[in-house]
Amino acid sequence: MKSNKLDHPSASDETLVGAAKRGDMMAFEELVARHRDKIYARAFSMVRNEDEAVDLSQEAWVKGWQRLVQFQGDSSFGTWMTRIVINLCLDQLRRRKRQRTESIEVINEEMGGVERQMPVVTSNPTERLERAELRKRIDQALGQLSHEHRTVLILHEFEDLEYKEIAKRMECSIGTVMSRLFYARRKMAVLLANLKTEEFK
Amino acid sequence: MSTHDSQLKIQAFLDDEMSARDAAEMEGLIANDAEARALLAELRNTNAALAAGEVECRLPETREFFWSKIEREISREMPVAAHVPKMPWLGWLRRRWLPVSSSAAVLTCAAAVLVSHPRHGALESGEMELASDEVGSYVFRDQKQQMTMVWLYDRNAEAALARPTSMVSSGRESDLE
C-alpha cells in the first residue's frame, strides 16, 4: 500500500491511476484532491442541493475506487469520474421524481407543448456581459428549470453528449431528449432576457 | 415552420444531429422561412451564452475531512479476513473488552496531550497506538479550526463503523457529524 518513490503531487493523473490500481491509497487521495471540486460542481449543478451534492460526490469517489480496474484511459480520469457522478445524480433524480407529484406545468412541459407558445427572443440577452456575470446569470436561469430540462441541457451543452447517449443515460427516447432540450433552450432564452430586463428596471 | 416536429428539426440541424442530405434540405427551408431563421438565431444565441460555462463551485469541505470519509467507506467495503479464535471465550473477551479498553487508552492519551498542549493542536505531534488489530481509527486534523477528531471503531462489527465509537476534539465543536 505504500509507494516510497512516487512523488504524488507532481505525478500525472495517468501515473496516479496506475499506482492507485496497485493499491496506493495516497495516489488515489491525490486524484480526489485534484478533481473533487469538478465532481462536486457537476453533482451540485444537477441536484441543486449542497448536502446531496457532497454525498453524491463522495459516493462517486468510492465507486471510482472500486471500479478503477475498469478504467482503461479511453477518456481522461476527470471525464470518467464525471460520468460516474452523473449516473449517481440521475439515479437520485429518478428517486426524487418517484416521490413527488407532477404539477400540471411539468406535465405540459413533458408533453412538449409549452415551448411552441413562447415568442421568439429576438435580441441577444447576454451581449456585452462579462464572463463572470454571464455565468452567474446562467446559473440563476438553470436553477429555474425542472430537473429533467436542466439535466438534458447540462449533458448536451456542458458534457458534450449526443442525443443518443443522453437518451441512454436518462432512460428515455431520443424524441423526449429533443423535446426536453428544445424546451430547456427556449426557456433559458426567456429567463436570460428577463434577467436583463430586471437589471434595467 | 410552426409544427413542433419542424422546430425540433431546426434544433437537430443546429446540433449537427442530421444526415448530410437532411441538413442540406433543412438549410434550404431555413433560407426561405423568416420564422425558422428567427428561431435558429434564438437557439444559437442561447448556445453562445451557455458556452461561457458554469459558475465555479468548490466542495465545501476540507481536503482532509472529505478524504477521511471516502477512506472510511472504502475500508468498510474491503473484505475483512476471517478470524477464528482458538479459544471462543478469548474471542468474546477481545471483541467485548479490547475495543473498550483501547478506546479508554486512546482517550486517556488524547486527554493527556490536550492538557499539556491545549493551544497547539493536541494530536499534531503526539502518537497513539492501538493495542488491538480489531480496533481501527481515523484521525482528522483541521489546522484552520485548530481541531483534531479521532474515530475509533470495531473492525469486526460493521454496524459500529457507521458511527463514531468515541470522539476526541480540541478547539471548537465541529460540524462534521
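Some values worked out for this structure:
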item	result
Sorted by Cβ neighbour density within 10 Å, fewest at the top, the residues A:21, A:38	A:21, A:38
Greater than 21 Å apart at Cα, pairs in A:21/A:164; A:21/A:63; A:38/A:63	A:21/A:164
Cβ-based exposure ranking for A:26, A:81, in which fewest neighbours within 10 Å come first	A:26, A:81
Neighbour-limited loop hits for GluC sites (Glu not before Pro), the stretch B:1-70 (at most 15 other Cβ within 10 Å; DSSP other than H, G, I, E, B)	B:56
Ranking of A:161, A:192 by count of other Cβ atoms within 10 Å, fewest first	A:161, A:192
Electrostatic dipole magnitude of the stretch B:1-68 [Cβ: Lys, Arg +1; Asp, Glu -1; Cα centre; debye, to 20]	120
Choice from A:170, A:118, A:46 showing the highest fluctuation, given a GNM over chain A with Cα pairs closer than 10 Å	A:118
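A short reminder: the numbers here are calculations on the coordinates, not readings from a lab. What you see is a predicted model, and the numbers here were worked out from it, not measured in a lab. Note that each Cβ is placed from the backbone with ideal geometry, even for glycine, and that neighbours are counted across all protein chains shown.
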